[in-house]
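Trainee: Starting off with a structure, shown below.
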Amino acid sequence: MTTLGFGTPTRVPGLLLRPVTWPEEAQLIVDVNNASRLAGGSLFVINVEVVRALYDHLVNSDLAADLRLAEADGRPVAYVRVE
(Lines give C-alpha, C1' and ligand atoms only; values in the text may rest on other atoms or scores of the structure.)
Protein backbone atom coordinates (compact mmCIF):
# COMPACT_ATOMS: atom_id res chain seq x y z
CA MET A 1 0.00 0.00 0.00
CA THR A 2 1.20 3.47 -0.71
CA THR A 3 0.53 6.38 1.58
CA LEU A 4 -1.19 9.52 0.42
CA GLY A 5 2.04 11.47 0.67
CA PHE A 6 1.41 12.86 4.11
CA GLY A 7 1.63 11.61 7.63
CA THR A 8 3.52 11.93 10.84
CA PRO A 9 6.87 10.17 11.11
CA THR A 10 7.58 8.51 14.44
CA ARG A 11 10.72 7.61 16.35
CA VAL A 12 10.30 4.04 15.18
CA PRO A 13 12.10 3.58 11.85
CA GLY A 14 9.66 2.78 9.06
CA LEU A 15 6.55 3.67 11.11
CA LEU A 16 4.24 6.42 9.87
CA LEU A 17 0.95 7.69 11.30
CA ARG A 18 -1.38 9.08 8.68
CA PRO A 19 -4.98 10.22 8.44
CA VAL A 20 -7.53 7.68 7.22
CA THR A 21 -9.63 8.63 4.23
CA TRP A 22 -13.14 7.96 5.48
CA PRO A 23 -15.26 6.13 4.36
CA GLU A 24 -13.10 4.98 1.45
CA GLU A 25 -10.67 3.17 3.77
CA ALA A 26 -13.25 1.65 6.11
CA GLN A 27 -12.39 -1.84 4.84
CA LEU A 28 -8.75 -1.22 5.72
CA ILE A 29 -9.76 -0.43 9.31
CA VAL A 30 -11.80 -3.66 9.38
CA ASP A 31 -8.84 -5.67 8.06
CA VAL A 32 -6.46 -4.29 10.70
CA ASN A 33 -9.06 -4.80 13.45
CA ASN A 34 -9.77 -8.39 12.42
CA ALA A 35 -6.08 -9.26 12.10
CA SER A 36 -5.62 -8.09 15.68
CA ARG A 37 -8.63 -10.09 16.89
CA LEU A 38 -7.47 -13.27 15.15
CA ALA A 39 -3.89 -12.88 16.41
CA GLY A 40 -5.30 -12.63 19.93
CA GLY A 41 -7.25 -15.86 19.52
CA SER A 42 -10.70 -14.38 18.99
CA LEU A 43 -12.96 -16.02 16.46
CA PHE A 44 -15.29 -13.00 16.42
CA VAL A 45 -14.62 -10.74 13.46
CA ILE A 46 -16.33 -7.59 12.27
CA ASN A 47 -17.31 -6.38 8.82
CA VAL A 48 -17.35 -3.01 7.10
CA GLU A 49 -21.07 -2.53 7.79
CA VAL A 50 -20.44 -2.74 11.56
CA VAL A 51 -17.60 -0.23 11.45
CA ARG A 52 -19.53 2.16 9.20
CA ALA A 53 -22.58 1.95 11.49
CA LEU A 54 -20.42 2.89 14.48
CA TYR A 55 -18.08 5.45 12.96
CA ASP A 56 -20.58 7.21 10.71
CA HIS A 57 -22.64 8.22 13.76
CA LEU A 58 -20.00 9.34 16.24
CA VAL A 59 -20.64 12.42 18.34
CA ASN A 60 -17.80 14.82 19.18
CA SER A 61 -15.46 13.13 16.72
CA ASP A 62 -14.14 14.35 13.39
CA LEU A 63 -12.76 11.31 11.58
CA ALA A 64 -10.62 13.48 9.32
CA ALA A 65 -8.77 14.72 12.40
CA ASP A 66 -9.33 11.91 14.92
CA LEU A 67 -8.67 8.68 13.01
CA ARG A 68 -5.07 7.67 12.21
CA LEU A 69 -3.57 4.60 10.59
CA ALA A 70 -0.15 3.28 11.56
CA GLU A 71 1.86 1.88 8.68
CA ALA A 72 5.10 -0.02 9.10
CA ASP A 73 7.13 0.13 5.90
CA GLY A 74 3.94 0.96 4.00
CA ARG A 75 1.92 -1.92 5.50
CA PRO A 76 -1.10 -1.11 7.73
CA VAL A 77 -0.50 -2.47 11.24
CA ALA A 78 -2.75 -0.49 13.59
CA TYR A 79 -5.12 2.42 13.92
CA VAL A 80 -6.31 4.79 16.60
CA ARG A 81 -9.38 6.98 17.04
CA VAL A 82 -9.82 9.70 19.63
CA GLU A 83 -12.76 11.86 20.62
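Trainee: On the accessible surface of the chain, probed at 1.4 Å, how many percent belong to carbon and sulfur atoms? Let's see the in-between values first.
Mentor: Details: 3120 of 5360 Å².
Looking at the chain in its full context, I get 58 percent from C and S.
Trainee: Could you sort 81, 18 by accessible area so the largest value comes first, with the probe set to 1.4 Å?
Mentor: On the way: 81 75, 18 0 Å².
Accessible-area ranking of 81, 18, largest first: 81, 18.
Trainee: For the range 15-25, just list the computed ³J(HN,Hα) in residue order, Karplus coefficients 6.51, -1.76 and 1.60, θ = phi - 60°, integers in Hz, with x standing in for Gly and Pro.
Mentor: 9, 10, 9, 9, x, 8, 7, 9, x, 4, 9
Trainee: How large is the accessible surface of residue 17 in square angstrom, using a 1.4 angstrom probe and rounding to the nearest 10?
Mentor: Number for this one is 60 Å².
Trainee: What would the Debye formula give as log10 I(q)/I(0) at q = 0.12, 0.21, 0.23 Å⁻¹ for the alpha-carbon point model of the chain, no solvent?
Mentor: -0.36, -1.03, -1.18
Trainee: Suppose all protein chains stay in the model; what accessible area per residue would a 1.4 Å probe give for the chain, in Å²?
Mentor: On the way: 5360 Å² over 83 residues.
For the chain, the solvent-accessible area averages 65 Å² per residue.
Trainee: Say each of residue 78 and residue 35 gets a label point 7 Å from the Cα, pointing the same way as Cα to Cβ; how far apart are those two points in nm?
Mentor: About 1.3 nm, to one decimal.
Trainee: Full extension from residue 62 to residue 12: what is 0.36 nm times the residue separation minus their Cα-Cα distance, to one decimal in nm? Please list the in-between numbers first.
Mentor: On the way: separation 50, 0.36 × 50 = 18.00 nm, distance 2.66 nm.
Length gained between residue 62 and residue 12: 15.3 nm.
Trainee: Please list, by residue number, every one of the chymotrypsin sites (Phe, Trp or Tyr not before Pro) in the chain that is coil in DSSP and has at most 10 other beta-carbon atoms within 10 Å.
Mentor: Numbers: sites: 6, 44, 55, 79; in loops: 6, 44.
Counting only loop positions with at most 10 other Cβ atoms within 10 Å, the chymotrypsin sites (Phe, Trp or Tyr not before Pro) in the chain are 6, 44.
The values are calculated or read from the model by the stated rules, or taken from the named source; none is laboratory data. Values in this document were obtained by computation on a predicted structure and should not be read as measured data. Don't worry about glycine lacking a Cβ; one is built from the backbone with ideal geometry, like all the others, and counts go over all protein chains shown. Areas reflect the complete protein model, heavy atoms only, side chains present, ligands, DNA and RNA absent. Shrake-Rupley method; radii C 1.70, N 1.55, O 1.52, S 1.80 Å.
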